[in-house]
1. Quick check: pseudo-label points 7 Å beyond the Cα along Cα→Cβ at residue 324 and residue 80, how many nm apart are they?
2. Cross-link candidates for residue 183: which aspartates and glutamates have Cα within less than 18 Å, leaving aside residues fewer than 8 places away along the same chain?
3. Using heavy-atom solvent-accessible surface (probe 1.4 Å) with all chains present, what is the largest-first order of 350, 196?
4. Counting only the backbone N, which residues of segment 364-383 are under 11 Å from the spot 7 Å out from the Cα of residue 348 toward its beta-carbon?
5. What does the accessible area per residue of segment 75-224 come to in Å², with a 1.4 Å probe and no ligands, DNA or RNA counted?
6. Testing the spin-label approximation: label points 7 Å from Cα along Cα→Cβ at residue 261 and residue 399. State their distance in nm.
7. Between residue 392 and residue 65, what is the spin-label point distance in nm, taking each point 7 Å from the Cα along the Cα→C-beta axis?
8. Going through the cross-link list 32/312; 42/312; 139/312; 42/392, which pairs have a Cα-Cα distance over 27 Å in this structure?
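The values are calculated or read from the model by the stated rules, or taken from the named source; none is laboratory data. A quick note: this is a predicted structure, and the numbers were derived from the prediction, not measured. Cβ sites come from the backbone with ideal geometry, for glycine too, and all protein chains shown count toward neighbours. In case anyone asks, the SASA skips ligands and DNA or RNA and just uses the protein heavy atoms, side chains included. Shrake-Rupley method; radii C 1.70, N 1.55, O 1.52, S 1.80 Å.
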Amino acid sequence: MITPEPIHPAPRATTYRFGAFTLDPEQHSLTKSGIPVPVEPKVFDLLRLMVENAGELITRDRLIKEIWHGRIVSDAAISACVAAARRAVGDTGQEQAIIRTVARRGFTCSAEVQIVSKKPLRHTAPPPSIQFTRTHDGKALAYAVAGAGPPLLYTTFGGTSIEAQWSSPFFRPLFDAICAQNKLLRFDSIGTGQSDLDMASAGIEAEALNMLSAADAAGLERFALFCQSGSALSGVYLAAHYPERVTAMVLNGGYAEGRNLRADTTGTQAMFGMISEAWDKPESSFLLAYALLYFPEGPLDLAKDIVEIMHKSCPEENMLRMRQAFNDASVLDVLPKVQCPTLIVHAREDPIHPLSEARKLAAGITNSELVVLNSANHVPMPGSADWQAFLKVTLGFLQDRDHPDKTK
């Protein structure tokens, strides 16, 4: 049963503890004795529904309404989700210490649930407004600012949509965690999202200059960089050529040499083929195949969400052009010029860009450190086993650095 909680004057976020388990809805995490327990998004939602209503009967109709949003779903799908939730918390069909079946009626959480922390919700704030500026070559660049604190510019590779990412179950938990301690600046790369779709150049130098355009428009003279995947190339270029602007840098899933310049080119042609043949056919198996290339460990729903944002925000010809430019790019020669503290985070079994690429970055950047996550996903995902470790090391690194928020 849920321990009574005091009344607060404003909405609060709640963390629940039952036995050795802690469920944090805001961070979308389940831990056992402090160790992350990976769960699929719908399984997490089911557990959350159970612990938030401990002692109450949760009927099949309510499960469908709140977990599947009223969509038609089979009994087998419901049973599979309940079974997965039980496995996550150590229950079985016979030993139902936490999730108990009430015959012909539904389910109930029979564990003693305690509220162990209360903190202000960050989701009540309205979405950040989208603003526009001009790049060095006159293109319209869309950007948005959220949060408060030392400034941080976040960027990722491929089709971006700062509007869609804000409500994405993959991106939003990361953005919320950053906004809790930093002013977050994001932008749509030229050729994607609400920025100008006419690309004059698709190379890493052009993208680095677009980063500066966004920072200048937001009034940031000095800022930290958080670059995921291929955007690490542009981040390194920017830090090397404009050291007075970049105070610290996080490179997650990055690489030093494009796929066409290194020995490991596995999957390159297949990737181009999938984009060429199926980019504008979301009803095909393209989304699933593309998502599994990058995120073989899942959660699959989140992986498909990322790919859907990419293909909806970026025309096929722009995506192919960007990929070709980055596949041919290298920052090996400028790595020694990077002066800012740099954190490199990489998955040990990354199927897209191998760990050897992260080692090249770490070996070339003098003031850097490498953290290796035990995962096969290209970058960490909320709800995965490495998510909490990723947040802890990344946010801790940024918090330990001084990023003065100077305006022009």
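1. With each label placed 7 Å out from Cα toward Cβ, I get 4.1 nm.
2. Answer for residue 183, where 18 Å is the Cα cut-off: 163, 216, 221, 400, 402, 405, listed by chain and number.
3. 196, 350
4. Under cut-off, by backbone N: 372-376.
5. Working: 6020 Å² over 150 residues.
Here the residues of segment 75-224 average 40 Å² of exposed surface.
6. 3.6
7. So the two model labels end up 3.9 nm from each other.
8. Details: 32/312 38 Å; 42/312 24 Å; 139/312 20 Å; 42/392 24 Å.
Cα-Cα > 27 Å for 32/312; rest within.
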